[in-house]
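Nothing in this text is a laboratory measurement; each read-out follows from the coordinates by a stated rule. Since we're looking at a predicted model, the values are computed, not measured. Using ideal geometry, Cβ is built from the backbone for each residue, glycine included, and neighbour counts are taken over all protein chains shown.
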Amino acid sequence: MSTPNTDRTYRTQRRQFQAWCADRGVDTSPCTAETFTDYISYLIKDRRMAPSTVELAWYAIRTWQPHGHWFETATARELWDRWKMEWAASGRGKPKTVPITEDGLRAMLSTCQDDPTGLRDGCLITLAWGTAILRSELAGCTMDSVRLVEGAVRLQMPDAQTSVLVRDSRDPVTSVVRFTAGWLAHLRRNGQHDGFLFPRGDRWGNLGEKALTAQTLHRIVCERAEAAGLDTSGISFGSLRVGRATGYSTVAFSEPDVASFGRWQPPAFEVLYPSR
């Protein structure tokens, strides 16, 4: 299930590729391995685009090709790998992670409606905010690790004895119960009664057995931030963790809470979900 933002970004990348091909008199779809490699080289050497942007263009083009059309990408991959290492070594592309504030959180969740994608994104954002979980941990969560309780959601942390209670905001816009209950109901209606909490889906909405990757969760957060009109420079999945931690003064934490929140002790603990 791709979001409207993803579809829009892909269309933009494809139009740019189409214009580049038209200038050179080569086919766009299907395209050859040589055309594809030349375009990736153009983005890297001439446009000096960030590796993440080049990768986005890569997938936009590859998924645009006719069904069954295959071409070799080893040379293009080598170009991209080298560019990624050069980019990292130069220190570029590493903006300081900025926190997502409670106002920013509300704006992001306001873009999440009761459709399947909205429920999924709202569920992962509210759980990520309420638990300060790592994206790799959230990607590994299963349906049975989530339990709805009165006025809250309890999440069992993967491979740990620790569970986190995320109290509901009692606000429909930011309600962790609303999004979690809605997403679980959608999964069950589609025959998913166990397995990963955030399974992969195809463009038709069919759910698979594999989980969304940690990188996909990061992308979803960034797309929701963009849709909410936030300044996305420095925004990442970690922005939810940073925002939750820096905003803790609005919530009554005691020293034991902080010790548990930092995972210095294994027992179950409670984390308040900020109310508006």
How big is the Kirkwood radius of region 14-53, worked out from every pair of different alpha carbons and given in Å to one decimal? 10.4 Å
Over the Cα atoms of region 1-135, what is the Rg over Rh ratio if Rh follows Kirkwood? 1.05
Report ³J(HN,Hα) in whole Hz for each residue of region 163-175, in order, from the Karplus equation J = 6.51 cos²θ - 1.76 cosθ + 1.60 where θ = phi - 60°; Gly and Pro get x. 10, 10, 9, 9, 6, 6, 7, 6, 10, x, 5, 10, 5
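With +1 assigned to the C-beta of every Lys and Arg and -1 to the C-beta of every Asp and Glu, and no other charges, what is the dipole magnitude of region 30-162 about the Cα centre in debye, to the nearest 20? Numbers along the way, then the final one.
Values: 15 positive and 17 negative charges, 91 e Å.
Around 440 debye, computed over region 30-162.
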Once you place label points 7 Å from the Cα toward the Cβ at D7 and Y42, how far apart are they in nm? 2.7 nm
Value of Rg to Rh for region 1-76 (Rh from inverse mean 1/r over Cα pairs, i.e. Kirkwood): 0.94
Phi-based couplings in Hz for region 13-20 (Karplus 6.51, -1.76, 1.60; Gly and Pro marked x): 4, 5, 5, 5, 5, 4, 5, 4
Hey, can you grab everything whose amide H is under 5 Å from the amide H of D168? Only 5+ residues off in sequence or another chain; H modelled, so Pro and N-termini drop out. A152, V153
What are the residues whose amide H is under 5 Å from the amide H of A211, where those residues sit 5 or more places off or on another chain and H is modelled from the backbone? R200
The answer for S236, listing residues at least 5 apart or on another chain whose modeled amide H is closer than 5 Å to its amide H, is V98
How far apart, in nm, are two points set 7 Å out from the Cα along the Cα-to-Cβ line at H193 and at R147? 2.0 nm
So what are the ³J(HN,Hα) numbers for region 139-146, from phi and the Karplus equation (6.51, -1.76, 1.60; θ = phi - 60°), rounded to whole Hz, Gly and Pro as x? 4, x, 5, 10, 4, 6, 8, 10
